[in-house]
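A.B. asks: Before anything else, here's the structure in question.
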Amino acid sequence: MLKRKMLWLFIMGTHGSKGMQKVFGSFAMKVIISTTVPFMIVQDNSEIKNIKNIVFSINTSIESLQIVSLAGNIAKMFDSTIHIIGQKESELHRVKKIKSNLVGLAKQLAKMNVKCKLDLLDEDKDYVASMNEYAKSVDADLLAYSYDSDKLFASNDKFAQSVIFNDLNLPSIIINSQTAVKTTY
């Protein structure tokens with residue numbers, strides 16, 4: 001008997017953050033942090049098409065890796081390539097952690113039979129701008145990010161906001177890293 005996994009996520013459109021939402025967090029982010037289900041966010045003027053390239057941003061935290069199952073399942077559905085990116089680090093312990101995270105994710109995606117590419121972005125540049133440049137260079141169709149809901153004021157997570165409201169108007173998937181470890185997708 002063939003066993004299939006169900007893929008659950010909410011799809012939400014957004015007009016972006018305006019005015020005080022830039023200070024206190026967008027309405028979209030407040031909705032996202034209030035649930036345990038992953039979201040796909042679609043901006044105004046986003047073009048939904050075949051998903052061939054997914055850009056998945058990580059950092060040194062274990063929480064940033066939690067979207068791998070969801071992103072991997074989407075990649076399998078569309079025969080996509082996942083581009084895992086991190087920022088180059090100068091501190092040795094951070095370099096080791098990023099390398100460990102990249103290698104671990106590559107192994108996990110290989111077990112899922114998902115194509116992936118690993119890359120480090122220049123630490124001297126603004127990471128958000130570098131991520132957008134990278135996404136454009138690989139003709140990305142989707143961004144993926146796992147936010148840490150245990151952060152104080154998670155709704156004000158500036159990086160999460162920049163993924164949701166990216167300059168390329170790409171759809172994004174975002175997941176609460178704390179609930180991802182409790183739920184199987």
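A.B. asks: Any idea what the relative contact order of the stretch 87-141 is, in percent, if you count C-alpha pairs under 8 Å spaced at least 6 apart?
C.D. replies: Across the stretch 87-141, relative contact order equals 36 percent.
A.B. asks: Using a simple spin-label model with points 7 Å from Cα along the Cα→Cβ vector, what separation in nm is obtained for E91 and D44?
C.D. replies: 4.0
A.B. asks: Determine, for each peptide in 138-147, 78-87, the mean count of other beta carbons within 10 angstrom over its residues, then list the peptides with the highest first.
C.D. replies: With the highest mean Cβ count within 10 Å placed first, the list reads 138-147, 78-87.
Where a number appears in this text, it was derived from the coordinates with a stated rule and is not lab data. Quantities reported herein were computed from a predicted structural model and do not represent experimental measurements. With ideal geometry, Cβ positions are generated from the backbone for all residues, glycine too; neighbour counts draw on all protein chains shown.
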